Amino acid sequence: MKYASLMRNAGLLMALSVALFVGCKKETVAGDSKEQNGPSLTVAGDPGVVIGDQTLPSRTHLLRFKLIAQKGSGKDDADLKEYTITGTNNLVNVRRPAPNGQSFTIDTTMRITGANDQSYTITFTVIDKNDKSASKKFMIRFFRPTVRDTAQYILVPSAWYVDSLLNASYTNQSDNKGTHLRYQVSTGTFTLQSRIQADGNPNEILFIYWYSSVYGRHSVISPAILRNPLYDGTTLEWDNPSTLTTNFREASSSVNFATVGYADIINAYNNGAPINNEFPSNADQRAVCTNGRVLAFKQGNIYGLIRVESVTSGGPGATLSVKVARP
């Protein structure tokens, strides 16, 4: 009887051990069974977009990258959180929040100059709120070109160029006439100039930043409006006959300045809201600059965006970022 009792107890312990083992195993499996595929990052097939590694002659190239980020399709996948763009040799270092948790497009054009046998690796990464990520890498290599090579390597049609001047500092300059943004279409080059400097190239000034101490307002102004009799005898008056008209509109809140491409910039202006009520006597040729505001503008066949990064309270000074769809 005693032996039978011991055997029964041993059998019970073994059954409990098996049950505990099975229970633990089941719990572990359940803990690991979340369906998380992670986000995806796909290269867009638009004309002029870089789709893979490049081997280029040594000179300056404008390369357009366009990638589509999407949330994972698993039932437990989290929304997209942020994206980064990094490059070797400190070529680029960008970290931005995801503009949309489900899907968004990264569309950027980079001006890259390479010497003989130099190379860069540019990496795009999207990360979701589960810290799952997806990346795409592009290797850009440079070699000593021949005349024939130089003629062959025209990778990005000029119609897709997006030129940028980010986080630049503007003030009223020592002459109190504001800061003039010069844009050279042929090279996509931006320069901040005083009025004296701008007198040498008035037909390349996109707009003038100026702070009014009388009204306490920061604004961007069309070069042409400064010929208006309204400005006669004022600090800002500019009678140069070559100055051009720039029209401003307020960009929709759906415009993501960080990721806009060529067509997005044009659409931002065409679909922008009128600003005629801000400076009634200036029509749409002068716009107020306030923190975070995005303005769309047009000068002839040049379209662009201005993002107001910050303005100085109570005095001249602003930080503006500009992007232009090169004609």
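Read the figures in this text as sums done on the coordinates, not as results from a lab. Because the structure is predicted, anything quoted here is derived from the model rather than measured. Glycine gets a Cβ as well: all are built from the backbone with ideal geometry, and neighbour counts include every protein chain shown.
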Open item on the list: As a test of the definition: which semi-axes, in Å, follow for region 161-325 when you take the square root of five times each eigenvalue of its alpha carbon gyration tensor? Largest first, please.
Closed with: 22, 18, 16
Open item on the list: For Rg and Dmax of the Cα atoms in Å, pick the label among [x] 25.6, 85; [y] 20.2, 65; [z] 28.8, 119 that corresponds to the value derived from the coordinates.
Closed with: [z]
Open item on the list: Sequence gap at least 6, Cα distance under 8 Å: using those rules, report the relative contact order of the chain to the nearest whole percent.
Closed with: 14
Task: Formal net charge of residues neighbouring R111 (Cβ-Cβ distance under 14 Å; K, R +1; D, E -1) - done: +3
TODO: Return the distance in nm (one decimal) between the two label points of a simple spin-label model at Q102 and A273, each offset 7 Å from Cα along Cα→Cβ.
DONE: 2.4
Task: Förster radius 25 Å - calculated FRET efficiency between K129 and T290 (Cβ-Cβ, nearest 0.05) - done: 0.20
Task: Table column - 3J(HN,Hα) (Hz), region 213-230, Karplus curve with 6.51, -1.76, 1.60, x for Gly and Pro - done: 6, 5, 9, x, 10, 8, 8, 10, 10, 5, x, 5, 5, 6, 8, 5, x, 4
- [ ] Decide, for region 268-327, between rounded, prolate and oblate: order the square roots of the alpha carbon gyration tensor eigenvalues as a ≥ b ≥ c, take rounded if a/c falls under 1.5, and otherwise choose prolate if a/b is larger than b/c, else oblate.
- [x] oblate
Open item on the list: Need one number for region 58-124: average projected area of the convex hull over its C-alpha atoms, nm².
Closed with: 5.1
Task: Listed residue pairs exceeding 21 Å between alpha carbons, taken from K66/K323; K66/K136; K66/K298; K34/K66; K66/K137; K71/K136 - done: K66/K298; K34/K66
- [ ] Determine the gain in length on full extension of the stretch A263-V94; use 0.36 nm per residue of separation and subtract their C-alpha separation, reporting nm with one decimal.
- [x] 58.6 nm
